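What follows is calculated from the coordinates using simple rules that are stated; it is not laboratory data. Bear in mind that the values here come from a model prediction, so they are computed numbers and not experimental data. Here Cβ is always computed from backbone atoms with ideal geometry, including for glycine, and neighbour counts include all displayed protein chains.
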Amino acid sequence: MSLSLAILVSGRGSNMKAILDARAQGLLKADIAVVLSNNPDAPALETAREHDIKTIGVSNKGLTREQHEDQVLAALAKYKIDFIVLAGYMRILTPKFLHAYRHTDGYFKIINIHPSLLPAFPGANGYDDAFAYGVRLSGITVHLVDEQVDHGPILAQESFPRLEEDTLETFKARGLAVEHKLYPAVLQKIAIDGVKLLAKTEANVAVGAASSTSRI
Ligand code: GRF
């Protein structure tokens, strides 16, 4: 099955680029319907255009969260989208947005990548917080989005060590390399197998039975 994805970005877009590169290399069978940013000047949009991907800038300047989201939803409504892929999108989504992309099985068809082993270190500074805490092992989480920030059914996690000699920069660089492999791989797994979750927890109870698999 070929997935149709919309990628939402706010900044440099290295994860978006990894997804586009994986697609170009045949490692990800997905169509990228559009790349959308709340920052019309995001470097990510330029990168997407270089890959011949349609881009949309919907600035949130001067708008309430609801006004901005309504514009984003209207822009995305023109496309057939199986999953929204958040790749450094620095906006918190409201329940209205989540419910616009609700699967019949109950989960939201919105995927996020976070630079820590959730549920540890949620928030905007996952790398910095894990590093400052002094973790010996950190990692990357790809998860379905729910109504809490950096929370929701976990699709995949991959760990990486913090080495004694690490600076925050080398720690981040090691993590980013993991992100760039993991995100496209998880999307390709969904393209082949659909959404598979390991547990029925409070966080993903809406999804249904434990070990459930749901086709897109
Ligand atoms: C990544 O570290 C991602 O895990 C987090 O935001 C950062 C985005 O970086 N959610 P980029 O824009 O993909 O380079």
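Count charges around E50 for me, please; just the other residues with Cβ under 12 Å from its Cβ, Lys/Arg as +1, Asp/Glu as -1. Once positives and negatives cancel, what remains is -1. Taking the Kirkwood radius as Rh and the Cα radius of gyration as Rg, region 49-140 has a ratio of Rg/Rh equal to 1.03.
What is region 85-136 by shape, rounded, prolate or oblate, if you read a ≥ b ≥ c off the alpha carbon gyration tensor as root eigenvalues and call it rounded for a/c under 1.5, prolate for a/b larger than b/c, and oblate otherwise? Note, shape of region 85-136 comes out prolate. Using only side-chain charges placed at the Cβ, +1 for Lys and Arg and -1 for Asp and Glu, the dipole size of region 94-170 relative to its Cα centre rounds to 420 debye. Shown here for region 43-111: trypsin sites (Lys or Arg not before Pro) in loop regions (DSSP other than H, G, I, E, B) with at most 12 other Cβ atoms within 10 Å, namely K61, K78, K80. Loop sites here are GluC sites (Glu not before Pro) outside DSSP states H, G, I, E and B with no more than 14 other Cβ atoms within 10 Å. The longest part of the chain free of them is 1-146. Considering the dipole of the chain built from charges on the beta carbon (Lys and Arg +1, Asp and Glu -1) around the Cα centre, which of A77, T55, I111 is farthest to its positive end? It is A77. Each DSSP beta bridge with both residues in the chain is either parallel or antiparallel, and the antiparallel ones are about 45%.
The mean sequence separation of alpha-carbon pairs under 8 Å and at least six residues apart, normalised by the residue count of the chain, gives a relative contact order of 19 percent. Note that region 14-87, at 10 °C in a medium of 1.306 mPa s, gets a Stokes-Einstein diffusion coefficient of 121 µm²/s from its Kirkwood radius over C-alpha pairs. Compute the orientation-averaged projected area for the chain from the convex hull of its Cα atoms and round it to one decimal in nm². Spelled out: convex hull of the Cα atoms, projected over all directions, averaged, 11.7 nm². Under 22 Å of direct C-alpha separation, and excluding same-chain neighbours fewer than eight residues apart, K54 reaches these lysines: K17, K29, K78, K80, K109. Adding -39500 (n - 2.57) for every DSSP H run of four residues or longer, then dividing by how many residues the chain holds, sets the calculated 222 nm ellipticity at -10000 deg cm²/dmol.
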